[in-house]
1. With contacts defined as alpha carbon pairs under 8 Å and 6 or more residues apart, what's the relative contact order of the range 57-141 in percent?
2. With a Förster radius of 25 Å, plug the Cβ-Cβ distance of Thr180 and Ser212 into 1/(1 + (r/R0)^6) and report the FRET value to the nearest 0.05.
3. Asp51's amide H: which non-local residues (gap 5+, or another chain) put their own amide H closer than 5 Å, with H modeled 1.01 Å from N in plane and none for Pro or chain starts?
4. If packing is taken as the mean number of other Cβ atoms within 10 Å per residue, what is the order of 146-156, 77-87, highest first?
5. So what is the relative contact order of the chain, in percent, for Cα pairs below 8 Å that sit 6 or more residues apart?
6. Can you compute the helix-only [θ] at 222 nm over the chain? Use -39500 (n - 2.57) per DSSP H run of at least 4 residues, normalise by all residues, nearest 500 deg cm²/dmol.
7. In the range 39-60, which residues have a backbone nitrogen under 17 Å from the label point lying 7 Å from Thr79's Cα in the Cα-to-Cβ direction?
8. Give me log10 I(q)/I(0) at q = 0.07 Å⁻¹ for the chain, Debye formula, one equal scatterer per alpha-carbon, no solvent.
Amino acid sequence: MRVLIIGGMHGNEPLGVEIVKCLQQQPIKNVDAVLANEPAIAQDCRFVGVDLNRSFPGSSASKEYEQRRADELLKLCGTYDVVLDFHNTHCPGNDCGFVGETANQRLYDISAWLGLKRIIVADYDCINKYAPNCLSVEISLDSSRMSIESWLKRISEFASLKALPQAIDVEKFRFVYRMTIEDRDNLKLSDKNLRAFEPIGERLATAMGVYSPAYPIFVADAYTPYNYGGLLNKLN
């Protein structure tokens, strides 16, 4: 099994960047590693022109760097069996995996094996939508899983697996709504004590036009100050 590790899809999220740098210095058999957005990493910012993870499927003819890079990354992903794309959030309790609508069962099994039993289906324009073999790993900055050493060990174990156990006891969600700054102000969301994966009230969900129960993620994330967070509906 050939595995690709992506870090720095957002240039100021540290976990993936550090994992990739370690793998480039000390390679693991059957594992390759790439920094997604090196200009943004160099400037310690989320992106340079446009958000790379909102630029897929990309375009090789674009004048925008991130659009060209998205095209390159998508083609690269297609040459691997599995892609693990690492991200961070400031929001506590937000550890989870992201997959696309067309992801096969293996990605759910991998996410569970990695200890991420909350799995979110994203159908907006991100790498997961267009790379069905890509699992994005989202880790809160204050999580016990913010450990380079433990992830390198886990990646090494994963790459040498002969068989993968089927996922059990996983919670599947769908991303359904981005909470805006206007929502925050109009609905006084800052006063609601919203917490990742803890359901909000039915009235509040209805006010934002989503089914209840709805579950917030990325609440007041400093990486995305232009949004207040996201909302999920459970799939199982």
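1. On the way: 155 pairs, mean separation 32.8, N = 85.
Over the range 57-141, the number comes to 39 percent.
2. Here the calculated transfer efficiency is 0.85.
3. none
4. Numbers: 146-156: 15.0, 77-87: 19.8.
Highest mean packing first, the order is 77-87, 146-156.
5. 18 percent
6. Values: 8 runs with 68 residues, N = 236.
Dividing the helical sum by the residues of the chain leaves -8000 deg cm²/dmol.
7. Inside the label zone: 60.
8. For the chain at q = 0.07 Å⁻¹, log10 I(q)/I(0) is -0.22.
Coordinate-derived values only; no laboratory data. Owing to the predicted nature of the structure, the values given are computational and were not obtained by experimental measurement. All Cβ positions, even for glycine, are placed from backbone atoms using ideal geometry, and neighbour counts span all protein chains on display.
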